[in-house]
1. Within the stretch 253-282, which residues are open to solvent by 40 Å² or more (accessible area, probe 1.4 Å), touching an Asp or Glu at 6+ places or on another chain (Cβ under 8 Å) and part of a loop (DSSP other than H, G, I, E, B)?
2. Which one of Gly26, Gly39, Gly105 is more than 25 Å from Leu350 (Cβ to Cβ) and open to solvent by 20 Å² or more (accessible area, probe 1.4 Å)?
3. Could you please tell me which pairs satisfy a Cβ distance under 6 Å, a separation of 6+ or placement on different chains, a first residue in the stretch 111-138 that is touching a residue at least 12 places away in the same chain (Cβ under 8 Å), and a second residue that is aromatic (Phe, Trp, Tyr) and assigned to a strand (DSSP E or B)?
4. Answer with yes or no whether Gly331 is at pLDDT below 95 and not in a loop (DSSP other than H, G, I, E, B).
5. From the list Trp80, Trp129, which one is open to solvent by less than 30 Å² (accessible area, probe 1.4 Å), part of a loop (DSSP other than H, G, I, E, B), more than 19 Å from Val3 (Cα to Cα) and not aliphatic (A, V, I, L, M)?
6. Kindly establish whether Val110 is β-branched (Val, Ile, Thr), within 20 Å of Ala325 (Cα to Cα), touching a strand residue (DSSP E or B) at 6+ places or on another chain (Cβ under 6 Å) and open to solvent by less than 40 Å² (accessible area, probe 1.4 Å).
7. Checking Thr312 against (1) loosely packed, with under 12 Cβ neighbours inside 10 Å; (2) modelled with pLDDT of 95 or more; (3) β-branched (Val, Ile, Thr): exactly one of these is not met. Which one?
8. Out of the stretch 283-307, which residues are more than 21 Å from Val110 (Cα to Cα) and surrounded by 13 or more Cβ atoms within 10 Å (Cβ to Cβ)?
Amino acid sequence: MSVYESIVIGAGQAGLSASYHLVRLGIEHVVLDGAPRAGGAWQHRWDSLTMGDVHGVADLPDGPAPGRSGDRANQVVPAWFERYEAEHGLPVRRPVRVTSVRDRGGLLEVRSDAGTWLTRTLVNATGTWERPFVPAYPGIGTFRGEQFHTHDYPGAGHFRGKRVLVVGGGASAVQFLGELAPVTDVLWVTRREPVWREEFDEDAGRDAVAHVQERVAAGLPPASVVSVTGLALRPQELEAARLGVYDRRRPMFARIEPGGVRWADDATRPGEPAFEPVDSILWATGFRPAVTHLAPLGLRGERGGIPLLPGTRDVQTSVTAVRDARVQLVGYGPSASTIGGNRAGRAAALAVRRQLAAASLPA
């Protein structure tokens, strides 16, 4: 079995960026992607999400991102990724779903549903899309209606004539409310009071990234940064705001029942019912890093996260696993954005080169 100098797992923004820089540095590698076609998580986004709706897609190295338009993001971005892979000759193989990575005599053994590979180093770029998070709530299994997660959102048209409960305090929840409120009856619940902002604050964005880096450096799992950056309404959500859906937000319910959700008496504000009947629950409750295949390497610290070594002054270049310097994580923690993924991709390629050089030195 041949041994690669590096293997990249995942061909989203961060994985393509890492592969580009590995090619530029002359490092022999392969990119293993679990999807049947190019596009990363973008190919799975809901049809109503347009390029004018997204918060922005960063350029890939030597590859300008598509501009804003009314075209579907789940078509535009995958087509862009496909062109990019071809134009830069990136060695992507798909569909290859990696099941585990483990040490094998000083090498890394990457097992998948399409075979096994050996490599000296690894760049993990699996993102979060494959690990939707739904909190465990009392009675969740008794609900007779529909339950969806952002991962499976079928579009506003599916919910016409239904009473929908949107759960979550992030940007996706705000977007779903913006789509649903004009066409059907909708309720909103969050764990914390939403923090609103008038417009994007660049300092808040930097603070948010630094906040995530602090958690990762401390060995904690990455967490949502909406509490730092705040929420804002886009023009397409103003009709929902006029209808008052954002003002009627309620705290989290105590339990789910077959026909709806119930609040504890002490959590119900005066004049609000303790029980609300709903037909559908939409969990906009985020995702967790898709890193379970790395478990055999024992990268997690005592506090549950995968701690990363400090990078440069840019915290988004923190990519090297503390417990195994052969492993670089991009699109994880402080680099979990399209801009961060690009910066992390370059940092990971440079870290791979250093690791290969160090391993070749005589003992």
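The values are calculated or read from the model by the stated rules, or taken from the named source; none is laboratory data. Values in this document were obtained by computation on a predicted structure and should not be read as measured data. Neighbour counts are summed over all protein chains in view; Cβ atoms, including those assigned to glycine, are modelled from backbone coordinates with ideal geometry. The area values use the complete protein model at the heavy-atom level, side chains included, leaving out ligands, DNA and RNA. Shrake-Rupley method; radii C 1.70, N 1.55, O 1.52, S 1.80 Å.
1. If the condition is that a residue be open to solvent by 40 Å² or more (accessible area, probe 1.4 Å), touching an Asp or Glu at 6+ places or on another chain (Cβ under 8 Å) and part of a loop (DSSP other than H, G, I, E, B), then Asp279 is the only one that fits.
2. Working: Gly26 fails: more than 25 Å from Leu350 (Cβ to Cβ); Gly39 fails: open to solvent by 20 Å² or more (accessible area, probe 1.4 Å).
One residue alone meets the criteria, Gly105.
3. Thr119/Tyr4; Thr128/Phe287; Arg131/Phe287; Pro132/Phe287; Phe133/Phe287; Val134/Trp283
4. Values: at pLDDT below 95: yes; not in a loop (DSSP other than H, G, I, E, B): no.
Considered against the rule, which asks whether it is at pLDDT below 95 and not in a loop (DSSP other than H, G, I, E, B), Gly331 comes out as no.
5. Working: Trp80 fails: part of a loop (DSSP other than H, G, I, E, B).
Just one listed residue meets the conditions, Trp129.
6. On the way: β-branched (Val, Ile, Thr): yes; within 20 Å of Ala325 (Cα to Cα): yes; touching a strand residue (DSSP E or B) at 6+ places or on another chain (Cβ under 6 Å): yes; open to solvent by less than 40 Å² (accessible area, probe 1.4 Å): yes.
Against the criterion (β-branched (Val, Ile, Thr), within 20 Å of Ala325 (Cα to Cα), touching a strand residue (DSSP E or B) at 6+ places or on another chain (Cβ under 6 Å) and open to solvent by less than 40 Å² (accessible area, probe 1.4 Å)), Val110 qualifies.
7. (2)
8. The initial filter retains those residues of the stretch 283-307 that are more than 21 Å from Val110 (Cα to Cα), namely 283-288, 301-305, 307.
Result: Trp283, Ala284, Thr285, Gly286, Phe287, Arg288, Gly301, Gly305, Pro307.
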